[in-house]
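The numbers here are math on the coordinates, done by the rules we state, and not lab data. As the structure is a prediction and not an experimental result, all values here were calculated from the model. Ideal geometry is used to build each Cβ from the backbone, glycine not excepted, and the neighbour counts take in all protein chains shown.
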Amino acid sequence: MTAPSSYRSHRDLPTLAGLASIEDAARPGLGVEACVARLKRFHYAFLRLHEILTARITAEPIYELKTAFSHHAYLCAEHVSALRQRVGEMREPPLGLEAVPHEALQITYDEILAAPITDALLLGLYQVAFRELDAALERYQRDTNPLTDAPSVRIIRFARLELDDILSFGQRALECVVSDESSATYREWVVYLQGLLQMDDAMDGSERALNKNKPARRFSATPYVYDRIPKRDDRFQDVWNQGVNAESFLYNAELPAKPKTLMMLYKRLREIDVPEMMASIITETKGKPWDYYRDMSRQLWDEARHAMMGEVGFVALGVDWTKACITVNWSHRLNTECTPIERHAVLYFIEQGLMTKTGKRYEWEVGLESGLPLIATIQDFDWADEVLHAQLGRLWYIPAIGDWKTAIAYGDECWSRILSNWQEVKDQGLTQHANWWPGIYRQACVTWSENPDVTVLAFAETYEGARADLKNVTGSA
Ligand SMILES: [Fe+2]
Ligand SMILES: [Fe+2]
């Protein structure tokens, strides 16, 4: 009899289609039931992490964290989808994916969701939750049979690849953001969370309820309340400013393409308000099929990317973007004055408007005409993303209202109710609507070694008197 270790494949080719050695595959590994029990826990972990990250986007002031939460939430959503599909392949219907697989997991994620400040949230997410999840996935890879369970091993490998990126970011975020004082304050809570995840093999076992005494809830003893008020860090100055009408400049046929790229970059960076707003739709809309949340999270992440494209463009042109007033008006008003479905209606109404000749295609053409290749690339992909978003709107928004015509009319109607607050914010002393345009334009001219064009420099049209979306002109999104 040949021992597995001395078995030879034909011409010493890699065995088992490259999956594993015969020796490794000859170890029995986990059974289907045990695999499903674990995969359901991983699914629950990604599901809850997606929920937490999404819910904390809006009120997180730090831009780099806002965009990272948007990214990580999307990655979690993709792994939720992969795990759901895999569980469905394992003799499992009814899937039972909505059930809480273990109370300790539920308490852990509830606690992190309710973390009182950013520092605690970062510790809960990146020091505990993602690390423990990755460790559990590693144990799964070790315990399961690489041949019999190859489809699970494959999705776990993908998940760990992205968890590695998430954890690298998280580690840096902990170092850059969390103060020594916070580390000390929350040290005990971190230990408590780690302890919860280790109770009864919460990440790996098959127990559903806690065997030992139920640990007391701390932050989550009071149910979490979503904070829908968008917040920004202090690089974002004069956030109620509506003093520069970017669309009016961009669509003016008399004005040259090159400075128009600055207005487009402003519009891109201003899109940070879309994740702030979409996070509120996702968080406050319950009971939809999973694919709804996955698709909405994809779009949310795209919008965060659009904002970052604006950031990159400005930096590449040597322009200090903090001197442009990146307004919070849109997300603030939609989040506080509209219901989730009304916000979705407005979003779709704006996005279908971007599909016209004067929408995203035009922005890409301006990018090409400007002679700045980076801007053309940015607008090319921005356009492609918006086509996807219009499709997602047709998939999820329109059926919620009825037919296309009714859905558009509803979006228009919802948006019409948001009257211009130009005078109101001025009267409240929130802004003087200062004209930031000449300062931004002058900075770019230095990079371009050009003298400012007198007409371009003199541009001073504001949003005063305009409906927030200017009817036929694009808003955010
Ligand atoms: Fe979009
Ligand atoms: Fe966008």
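Residues 58, 144, 431, ranked from the fewest to the most other C-beta atoms within 10 Å, line up as 431, 144, 58. Summing Cβ point charges (Lys, Arg +1; Asp, Glu -1) relative to the Cα centre of the stretch 1-40 gives a dipole of roughly 80 debye.
Cross-link partners of residue 360 among lysines, defined as those whose alpha carbon lies under 18 angstrom from its own and excluding same-chain residues fewer than eight positions apart: 258, 260, 267, 471. Restricting the stretch 170-240 to trypsin sites (Lys or Arg not before Pro) that sit in a DSSP loop and have at most 10 other Cβ atoms within 10 Å of their own Cβ leaves 212. Among 353, 236, 49, pick out the residue whose Cα is farthest towards the positive end of the charge dipole of the chain, where Lys and Arg carry +1 and Asp and Glu carry -1 on C-beta, about the Cα centre. Farthest towards the positive end: 49. Counting only Cβ charges, +1 for Lys and Arg and -1 for Asp and Glu, the dipole size of the stretch 4-217 around its Cα centre is about 540 debye. Compared with the direct C-alpha span, the chain from residue 180 to residue 434 gains 87.5 nm at full extension, assuming 0.36 nm per residue. You can think of it this way: the chain between residue 404 and residue 90 has 109.1 nm of extra reach, that is 0.36 nm per residue less the Cα-Cα gap. If you wrap the tightest convex hull around every Cα atom of the stretch 102-238 and split its volume per residue, you get 146 Å³. Note on the stretch 113-184 and the stretch 303-351: Cα centroid distance 29 Å, given to the nearest whole angstrom. Loop-resident GluC sites (Glu not before Pro) (DSSP state other than H, G, I, E or B) in the stretch 9-95 with no more than 15 further Cβ atoms inside 10 Å of their Cβ: 89.
Each of 373, 202, 262 was scored by the projection of its Cα onto the charge dipole of the chain, and the greatest displacement toward the positive side belongs to 202; charges sit on the C-beta of Lys, Arg, Asp and Glu. Calculation over all alpha carbon pairs of the stretch 246-457 in 5 angstrom steps from 0 returns a P(r) of 1, 7, 14, 18, 19, 16, 12, 8, 4, 1, 0, 0 percent.
Taking the longest Cα principal axis of the chain as reference, the axis of helix 340-353 is set at about 60 degrees. Note on the chain: dipole from Cβ charges, positive end direction compared against 310, 127, 80; the farthest Cα belongs to 80. One quarter of the surface of the convex hull around the alpha-carbon atoms of the stretch 4-148 equals 10.8 nm², the direction-averaged projected area. Take every pair of alpha-carbon atoms less than 8 Å apart whose residues are at least six positions apart; their mean separation over the length of the chain yields a relative contact order of 19 percent. Relative to the dominant Cα principal axis of the chain, helix 273-284 is inclined by about 50°. The helix-based estimate of mean residue ellipticity at 222 nm for the chain, built from -39,500 (n - 2.57) per DSSP H run of four or more residues and divided by its residue count, is -19000 deg cm²/dmol to the nearest 500.
Kindly express, to the nearest 10 degrees and within the range 0 to 90, the angle between helix 404-416's C-alpha long axis and the longest C-alpha principal axis of the chain. So the helix axis and the longest Cα principal axis differ by about 60 degrees. Computed about the Cα centre, the dipole magnitude for the chain is approximately 780 debye when only Lys and Arg (+1) and Asp and Glu (-1) carry charge, each at its Cβ. When the GluC sites (Glu not before Pro) in the stretch 245-303 are filtered for DSSP coil states and for at most 14 other beta-carbon atoms within 10 Å of their beta-carbon, the remaining sites are 254. Building the convex hull from the alpha-carbon atoms of the chain and averaging its projection over directions returns 28.6 nm². Relative contact order, whole percent, for the stretch 4-217 stands at 29, derived from Cα pairs under 8 Å and 6 or more residues apart. For the set 40/214; 405/426; 231/288; 357/426; 66/288, the pairs lying more than 30 angstrom apart at their alpha carbons are 405/426; 357/426.
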